[in-house]
Amino acid sequence: MLLVRPPGVYRVANDTSLLADVMRRGRYAQGRRVLDVGCGTGALALEAARAGAASVTAVDLSLRSIAATWLNARAHRISVHVRRGDLFEPVQGKQFDLLLANPPYVPASTSTLPRHRLARCWDAGVDGRQILDRICAGSAQALTSGGMALIVQSEVCNENATAARLAEVGLRAQVVARSIVPFGPVMRARAALLEDRGLLEPGRREEEIVVVEAYRG
């Protein structure tokens, strides 16, 4: 799909494509109420609607991302409920059958998260887990009984930690897809930082992207 992407909004990349592919192949969205947390351009929300979702809600803190998602949904004549706010706050008290999340997960030099720069699309604190951990913590309350979450992340921010955080709130987690991709500009620029922290093997310039599935029984 052709998508409007204003400056400061995350572009569709390998992680977005991997998560969308898992959702389509597994028919996760069909007939389900879907929540896309951190929607960016709305790419995942629109894919969920096209995959047969009963309804789709998209949430983002960024005004530009909200505008992009709304415009893209209108341009493709797809129904998406767009809400602005921090993660689950705009849908507090509501539950969904499927949660989609492609959060910022790149380790940064500081724990301070940017608010008004493009780096907010990927900076996630010193271990890359500041947003991931919050999504894991809030997932169970946002899901119906029998609901599922699909979360995409890099190996550098520890897939085992994600599974452990999800288990803490009663969700059963497993990795359902893996893909090795070459570093993009951000990861290349931070390679030395990641090596110094022991998050990356010296000289390695590719990463494994994983999709974690979590189930609420």
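The values are calculated or read from the model by the stated rules, or taken from the named source; none is laboratory data. Since this is a predicted model, take the numbers as computed values, not measurements. Note that we place each Cβ from the backbone using ideal geometry, even for glycine, and neighbour counts take in every protein chain shown. Surface accessibility is based on the protein's heavy atoms, side chains included, excluding ligands, DNA and RNA. Shrake-Rupley method; radii C 1.70, N 1.55, O 1.52, S 1.80 Å.
Exactly one residue among G8, G31 is at pLDDT 95 or above, in a loop (DSSP other than H, G, I, E, B) and more than 14 Å from N102 (Cβ to Cβ), and that residue is G31. For the range 176-217, filtering for residues that are open to solvent by less than 50 Å² (accessible area, probe 1.4 Å), under 27 Å from A29 (Cα atoms) and β-branched (V, I, T) leaves 5.
Note on the range 112-136: residues that are in contact with a helix residue (DSSP H, G or I) (Cβ under 7 Å, 6 or more places away or on another chain) and either surrounded by fewer than 17 Cβ atoms within 10 Å (Cβ to Cβ) or of a type in the set (V, I, T) (or both) amount to 2. Note on the range 74-102: residues that are surrounded by fewer than 19 Cβ atoms within 10 Å (Cβ to Cβ) and in a loop (DSSP other than H, G, I, E, B) amount to 10.
Filtered by the rule that a residue be open to solvent by 10 Å² or more (accessible area, probe 1.4 Å) and closer than 20 Å to G138 by Cβ, the range 16-38 gives Y28, R32, R33, G38. If you check A192, A149, A164, A173 for being closer than 26 Å to L87 by Cα and free of Cβ contacts under 8 Å to residues at least 12 places away in the same chain, only one passes: A164.
Of the residues making up the range 53-62, one or more are modelled with pLDDT under 95 and open to solvent by 30 Å² or more (accessible area, probe 1.4 Å).
The listed residues are R178, R204, R172, and the only one of them that is modelled with pLDDT under 95 and either outside any helix (DSSP H, G or I) or among the aromatic types (F, W, Y) (or both) turns out to be R204.
The single condition from (1) in contact (Cβ under 8 Å) with a residue 24 or more places away in the chain; (2) closer than 15 Å to A45 by Cα; (3) more than 13 Å from the chain's Cα centre (by Cα) that L99 fails is (3). In the condition set (1) part of a helix (DSSP H, G or I); (2) closer than 27 Å to R197 by Cβ; (3) in contact (Cβ under 8 Å) with a residue 40 or more places away in the chain, Q141 is compliant with all but (2). For the range 144-169, taking the residues that are assigned to a helix (DSSP H, G or I), hydrophobic (A, V, I, L, M, F, W, C) and open to solvent by 40 Å² or more (accessible area, probe 1.4 Å), the one that is farthest from R11 (Cα to Cα) is identified as A167.
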